[in-house]
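Asks: One structure, as structure tokens, below. Some questions next.
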Amino acid sequence: MEISTITKYIEELTNTPSPTGFTKLAEKYLMDEFKNLGYKPYQTNKGNVVVPIVEGKENGLLLSAHVDTLGLMVRSVKSNGRLKVTSLGGYPFNYAEGENVTIHTRSGKTYTGVFRLNEPAVHGSSDPKEAKRDDSTMEVVVDAITKSAEETKALGITNGDFISLDPRFRIDNGFVKSRHLDDKASAGVLLALAKEIKEKNIKINRPLYMTFTIYEEVGHGAASGHPKGIRDMVAVDMGVVYDDLACDETMVSICAKDSSGPYNYDLTNELVDLAKSLDIDYGLDIYPYYGSDASAAVASDNDFRHALVGSGVAASHGYERTHEKGLISLYNLLLHFVQK
């Protein structure tokens, strides 16, 4: 598989707005792509996209990725016409400060804007250096001439409208940089894997399904709606890059434990042993502030063995960065894993 195929999918996904709770555009993208590849995807009542790769009644393997992202929502329209916001997903507001945004109104109109401090002028005060970054000190200014709540509301903007952050996707010297690589990098890898399986008629020796969830960032993405007969679930999500962890952006990260507890010992060892046999550069790590779709599924009484793997992603929940080497290594690990 050419890395360009993987990064093409990632770029298209990151450029598709899908803050958690407003994911219809990403859902349509996935449904269309998998149908074009010759699969028969379907959606659960919640909206998760499920793709049967090889159907069967027992000993199934489920690979998951999520396409919902961090974002904002309009909390209220302020008297000066600007927007007070609430966050979608957990991230420090300073990670989104100064970002261009798109406001998605309930009527279908969109407006651009900027997320910034209420008083951002360095030449006006010391506030930009000293102010705490939270929903009381930051706002979205709409790219429209409005000076009152009434003028902004006349545009069709109101409480509860979703706001997406500009991803700013680019590749420099093999480094893939964008918002929302968590977890659209993994979704792009799974799309490329499904494409390869279909086009090369790769033999899969057990039932295999992929699921793409839309509420992972708020904790319940994969809690329900799984195909029958699943034995093993591997969440394909971002690997954490941090000072005391083994993984970096060029590697595959295999998670032994996150905030939900340890992952299945035997299934995790299968991934480790396979990475070793393929001479894939990997790190076995613990993520102290993390939860995955696999841990959500197991916590919701799904009787799965569960594991977590991903390419290393730096600056999680900010302007993130991974590397083509890590992405292709993750792809190769999964390609061999599904053929076991």
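The values are calculated or read from the model by the stated rules, or taken from the named source; none is laboratory data. All values derive from a computational prediction rather than experimental measurement. Positions of Cβ are backbone-derived with ideal geometry, glycine not excepted, and every protein chain shown enters the neighbour counts. The protein model used for the area step is the full one, side chains on, heavy atoms only, and it has no ligands, DNA or RNA in it. Shrake-Rupley method; radii C 1.70, N 1.55, O 1.52, S 1.80 Å.
Asks: How charged is the neighbourhood of Ile286? Take every other residue with its Cβ under 11 Å from the Cβ of Ile286, and add Lys/Arg as +1 and Asp/Glu as -1.
Replies: Result for the local shell: -2.
Asks: Then there is this: Considering only Cα-Cα distances, which of the following residue pairs are longer than 18 Å: Lys24/Lys195; Lys40/Lys195; Lys200/Lys228; Lys195/Lys276?
Replies: Where the Cα-Cα span goes over 18 Å, the pairs concerned are Lys24/Lys195; Lys200/Lys228; Lys195/Lys276.
Asks: Quick check on the chain: helices-only [θ] at 222 nm, where DSSP H runs of length 4 and up contribute -39,500 (n - 2.57) each and the sum goes over total residues. Nearest 500, please.
Replies: Estimated from H runs of four or more residues: -8000 deg cm²/dmol.
Asks: May I pose another question? Restricting to DSSP loop positions (anything but H, G, I, E, B) with no more than 10 other Cβ atoms inside 10 Å of their own Cβ, which GluC sites (Glu not before Pro) remain in the range 23-95?
Replies: Glu58
Asks: Mind running the shape call on the range 191-340? Use the C-alpha gyration tensor, a ≥ b ≥ c as the square roots of the eigenvalues: rounded below 1.5 for a/c, prolate if a/b tops b/c, oblate otherwise.
Replies: rounded
Asks: If you stretched the chain out fully between Thr112 and Lys129, how much longer would it get, using 0.36 nm times the residue separation minus the C-alpha to C-alpha distance?
Replies: Length gained between Thr112 and Lys129: 3.5 nm.
Asks: Continuing with the same structure: So, counting K/R as plus one and D/E as minus one, what does the shell of residues with Cβ under 15 Å around Arg168 add up to?
Replies: Surrounding charge for Arg168 is -3.
Asks: Same structure again: Helix 24-36: angle to the longest alpha-carbon principal axis of the chain, degrees 0 to 90, nearest 10?
Replies: 30 degrees
Asks: Which lysines have a Cα lying under 26 Å from the Cα of Lys132, excluding residues fewer than 8 positions away in the same chain?
Replies: Partners found: Lys78, Lys84, Lys147.
Asks: Something else about it: For Lys24 and Asp243 in the same chain, what is the full-extension length gain: residue separation times 0.36 nm, less their Cα-Cα distance, in nm?
Replies: Here the answer is 75.2 nm.
Asks: If R₀ is 30 angstrom, what is the calculated FRET efficiency for the pair Asp266 and Lys200, using the beta carbon separation as r and rounding to 0.05?
Replies: Efficiency, from the Cβ-Cβ distance: 0.55.
Asks: Tell me the label-point distance for the pair Asp273, Gln43, using the 7 Å Cα-to-Cβ offset, in nm and rounded to one decimal.
Replies: Result: 4.1 nm between the two label points.
Asks: At a 10 angstrom cut-off on C-beta neighbours, averaged per residue, how do the peptides 35-41, 281-287 rank from highest to lowest?
Replies: Going by the mean number of other Cβ atoms within 10 Å, highest first, we get 281-287, 35-41.
Asks: What FRET efficiency, computed as 1/(1 + (r/R0)^6) with R0 = 30 Å and r the Cβ-Cβ distance, is obtained for Lys147 and Asn94, rounded to the nearest 0.05?
Replies: 0.65
Asks: Using DSSP, restrict attention to beta bridges with both residues in the chain and report what percent are antiparallel, rounded to the nearest 5.
Replies: 65 percent
Asks: Relative to the longest principal axis of the C-alpha atoms of the chain, give the angle of the C-alpha long axis of helix 265-277, reported between 0 and 90° and rounded to the nearest 10°.
Replies: The angle comes out at about 80 degrees.
Asks: Per the 1.4 Å probe, what fraction of the accessible area of the chain, in percent, lies on carbon and sulfur atoms?
Replies: 47 percent
Asks: Give the accessible surface of the chain per residue, rounded to a whole number of Å², with probe radius 1.4 Å and ligands, DNA and RNA excluded.
Replies: Heavy-atom SASA per residue in the chain reads 44 Å².
Asks: I've got another one for you. Only four residue types carry charge here, +1 at the Cβ of Lys and Arg and -1 at the Cβ of Asp and Glu. Report the dipole size of the range 1-146 about the Cα centre in Debye, rounded to the nearest 20.
Replies: 520 debye
Asks: Continuing with the same structure: So what's the angle, to the nearest 10 degrees on a 0 to 90 scale, between helix 181-199 and the longest Cα principal axis of the chain?
Replies: That helix lies at roughly 40 degrees to the long axis.
Asks: Let me ask something additional. Between Asn15 and Asn36, what's the calculated FRET efficiency when r is the beta-carbon distance and R0 is 25 Å? Round to 0.05.
Replies: 0.90
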